[in-house]
Amino acid sequence: MSAPLAAPLAGSVDIDRRMSPRLVLSRVVALCVVELQKLSHDRSELLTRAVQPALWLIVFGVTFTKLHAIPTGGVPYLDFLAPGVLAQSVLFISIFYGIQIIWERDAGVLAKLMVTPTPRAALVAGKAFAAGVRGLAQAVVVYLIAELLGVHFTVNPARLLGVVAVVLLGAAFFCCLSVTIAGLVLSRDRMMGIGQAIMMPLFFASNALYPVSLMPQWLQWINHVNPLSYQVEALRGLLIGTPARLWLDFGVLILATAVGIAAASGLLGRLAR
């Protein structure tokens, strides 16, 4: 009698573990809502995170605009720089999400999440797009600072929706990269060191500060495989109307995010041990 009862029960567990796409999406959205609640409880974080992009725009951008030292094809250097600073801000927020995952493991939160029927990919995607929510908040801050400095960003709603998508995808990828590294190093101190070590190379090996044509050949090759470069190119094309291969930029960001979620999901179990 017990065997027939056990079979349906096992089947129900399998169904739970397979989960419908709608249920997976609801879990991802729930994690994003949690991130919004964190931001609403600590609004000072937005102000402190605004300091660095403000310095880049006010000091670096304004100075080099007056010097005319970097040729940007008729676009004022400050306008050229602003989308790069926006992408940099999103990168700096996302690249340390691995530390948060390690903290959640140490606090026992990750173990509790892992025993739920939610697929690992949904957990990682939830974290990734929660990073995107923070990235969007940072993007609004950078947008406002740039406008105050005289940068003429687009107000076209369709283009701004494209900016939202680019910010979400970029933040999601770099968050997944951070979680993947955390799954390999398993230590907050090591994660902090590696995060700091890769942030600036990613930034300087992109087109955020200067056109690709000014780079030495070896740096141009690195730029072509750097997802941050495609994020910056898309943001420039959408925000200030410079030439951009949006189909390629979005394609690279979507593919990079999908690969990032798969890699981070594969290492999430190692983190939870």
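The values are calculated or read from the model by the stated rules, or taken from the named source; none is laboratory data. Remember, it's a predicted structure, so these values are computed and weren't measured experimentally. Cβ atoms come from the backbone with ideal geometry, glycine included; neighbour counts cover every protein chain shown.
Which condition does Leu136 not pass, out of (1) more than 15 Å from the chain's Cα centre (by Cα); (2) without any contact (Cβ under 8 Å) to a residue 60 or more places away in the chain; (3) in a helix (DSSP H, G or I), if it passes all the others? For Leu136, the exception is condition (1).
When the stretch 116-133 is limited to residues that are at pLDDT below 85 and more than 14 Å from Ser265 (Cα to Cα), the one that is surrounded by the most Cβ atoms within 10 Å (Cβ to Cβ) turns out to be Pro117. Checked against (1) assigned to a helix (DSSP H, G or I); (2) modelled with pLDDT of 85 or more, Pro71 meets all criteria but (1). Annotation note: of Leu81, Leu86, Leu57, Leu47, the sole residue that is loosely packed, with under 15 Cβ neighbours inside 10 Å, closer than 22 Å to Leu148 by Cα and either among the hydroxyl-bearing types (Ser, Thr, Tyr) or in contact with a helix residue (DSSP H, G or I) (Cβ under 9 Å, 6 or more places away or on another chain) (or both) is Leu47. Of all residues in the stretch 166-215, which are closer than 20 Å to Asp249 by Cβ, in contact with a Phe, Trp or Tyr (Cβ under 7 Å, 6 or more places away or on another chain) and not aliphatic (A, V, I, L, M)? Residue satisfying the conditions is Cys175 alone.
Of all residues in the stretch 212-228, those that are modelled with pLDDT of 95 or more have Cβ atoms under 6 Å from Cβ atoms of residues that are of a type in the set (Phe, Trp, Tyr), 6 or more apart or on another chain, in Pro227/Phe173. Listed by first and then second residue, the pairs linking a residue in the stretch 182-208 that is without any contact (Cβ under 8 Å) to a residue 60 or more places away in the chain to a residue that is assigned to a loop (DSSP other than H, G, I, E, B) and surrounded by 15 or more Cβ atoms within 10 Å (Cβ to Cβ), with Cβ atoms under 6 Å apart and 6 or more places separating them unless they lie on different chains, are Ala205/Asn226. Taken as a whole, the structure leaves Asn223 outside the set of residues that are of a type in the set (S, T, N, Q) and buried (at least 21 other Cβ atoms within 10 Å of the Cβ).
Based on what the data block shows, is Ala121 of a type in the set (A, V, I, L, M), in contact (Cβ under 8 Å) with a residue 24 or more places away in the chain and under 30 Å from Ser26 (Cα atoms)? Judged against the criteria, Ala121 is a match. Could you please find all residues in the stretch 188-247 being touching a helix residue (DSSP H, G or I) at 6+ places or on another chain (Cβ under 7 Å), among the β-branched types (Val, Ile, Thr) and either within 19 Å of Leu91 (Cβ to Cβ) or part of a helix (DSSP H, G or I) (or both)? Of everything in the stretch 188-247, those that are touching a helix residue (DSSP H, G or I) at 6+ places or on another chain (Cβ under 7 Å), among the β-branched types (Val, Ile, Thr) and either within 19 Å of Leu91 (Cβ to Cβ) or part of a helix (DSSP H, G or I) (or both) turn out to be Ile194, Val212, Val232. Based on what the data block shows, is Asp106 out of contact with any Gly (no Cβ under 7 Å at 6 or more places or on another chain), of a type in the set (D, E, K, R), surrounded by fewer than 22 Cβ atoms within 10 Å (Cβ to Cβ) and at negative phi? So Asp106 passes the test. Checking Tyr97, Tyr143 one by one, the residue that is at pLDDT 85 or above, touching a Leu at 6+ places or on another chain (Cβ under 8 Å) and aromatic (Phe, Trp, Tyr) is Tyr143 and no other.
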